[in-house]
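Okay, structure first, notes after.
The values are calculated or read from the model by the stated rules, or taken from the named source; none is laboratory data. This structure is a prediction, so every number in the text was calculated from the model and none was measured. Note: ideal-geometry Cβ built from the backbone for every residue, glycine included; neighbour counts use all protein chains shown.
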């Protein structure tokens, strides 16, 4: 993986909006960022980004005087993605590749829109997916209610929208070997057991079968000079400790410096918060940026147990790493 000089992360879609909390110097909240760019003449509801259940991150690597950009996930809806991108001044023509982390609607609902927006400006764009992402999925609640999820666009639909689809289980290096997409994440911890109640449509097309492991989930990482590996985990259905353990094994010579994304320690997985937080401490991270599906109970414990390393994500935030 090619080391980069620095990394800029723009949160295009996230569950939360927060321009009031204090942040470290390397993080620019939405409202101050918009104002400094001359994009917020008047503070109003129409002038700021919409929080929406989901995640989309724009990753821009700076290396040897050049910029290279990757879109990691596309949020739950194309309308949210494009509206926030327009407010934040995003140029979709700069996106050189798109990665979908896993096959859930809150990450891939805006994928067709993203592909179309990028390909319209620069031609066919590489779009990395996993063959396990395209079945229909759902969540069985404890009260017995089944919430059926919207299906993702098929590889054929993505191709028609302008994608050069890379449909594989294997790890990939993208954009001049700057961004690494992991392969399937090994499950090695005894307590991270996937998502209870998660199901997928069976081969008969009618019944449902358990699918707690969500094995199509993958992460993206970059290697920042003089700092180490930074890992983007969109939902951490594999468990954030499993994610970071695998990232460290892939690049044993480079320290882990930070991680960002959803840790999915909410609902049925709240019971593993103590073990997860205890093991997170062992990685010695410099930046810990949870958001999206992490959950307020986990966030509260992380805030108590970590110091200045903790910087939660929110829509419109810009991280200068």
Going through the range 142-158 one residue at a time, which ones are out of contact with any helix residue (DSSP H, G or I) (no Cβ under 9 Å at 6 or more places or on another chain) and farther than 11 Å from residue 112 by Cβ?
143, 144, 145, 146, 147, 148, 156
Name the residues in the range 127-167 that are under 14 Å from residue 208 (Cα atoms), outside any strand (DSSP E or B) and touching a residue at least 60 places away in the same chain (Cβ under 8 Å), would you?
135, 136
From the list 245, 269, 276, pick out the single residue that is in contact with a helix residue (DSSP H, G or I) (Cβ under 7 Å, 6 or more places away or on another chain) and in contact (Cβ under 8 Å) with a residue 40 or more places away in the chain.
276
Condition set assigned to a loop (DSSP other than H, G, I, E, B) and touching a strand residue (DSSP E or B) at 6+ places or on another chain (Cβ under 6 Å), scope the range 201-235, selection surrounded by the most Cβ atoms within 10 Å (Cβ to Cβ): answer is 234
Residues that are on the phi < 0 side of the Ramachandran plot and modelled with pLDDT under 95: list the strands (runs of 3 or more DSSP E) wholly contained in the range 249-321 that include at least 1 such residues.
none
Is it the case that the range 207-215 has a residue that's farther than 14 Å from residue 179 by Cβ and in contact with a helix residue (DSSP H, G or I) (Cβ under 8 Å, 6 or more places away or on another chain)?
yes
Name every residue in the range 28-47 that is touching a residue at least 40 places away in the same chain (Cβ under 8 Å), surrounded by fewer than 22 Cβ atoms within 10 Å (Cβ to Cβ) and not in a loop (DSSP other than H, G, I, E, B), in order of residue number.
28, 31, 33
If you go through the range 180-197 one residue at a time, do you hit one that is under 15 Å from residue 99 (Cβ atoms) and not in a loop (DSSP other than H, G, I, E, B)?
yes
Filtering the range 71-123 down to residues that are assigned to a loop (DSSP other than H, G, I, E, B), out of contact with any helix residue (DSSP H, G or I) (no Cβ under 8 Å at 6 or more places or on another chain) and buried (at least 24 other Cβ atoms within 10 Å of the Cβ) yields 104
Here is a list of conditions, (1) part of a loop (DSSP other than H, G, I, E, B); (2) out of contact with any strand residue (DSSP E or B) (no Cβ under 8 Å at 6 or more places or on another chain); (3) farther than 30 Å from residue 66 by Cβ; (4) in contact (Cβ under 8 Å) with a residue 40 or more places away in the chain, and residue 177 meets all of them except one; can you say which number that is?
(3)
Can you pull out every residue in the range 90-109 that is in contact (Cβ under 8 Å) with a residue 40 or more places away in the chain and more than 16 Å from the chain's Cα centre (by Cα)?
90, 96
Listed residues 73, 5; which is touching a residue at least 60 places away in the same chain (Cβ under 8 Å) and within 19 Å of the chain's Cα centre (by Cα)?
73
Close pairs (6 angstrom Cβ cut-off, 6 or more residues apart or separate chains): on the phi > 0 side of the Ramachandran plot and crowded, with 22+ Cβ neighbours inside 10 Å in the range 48-70, modelled with pLDDT under 95 and in a strand (DSSP E or B) anywhere:
none
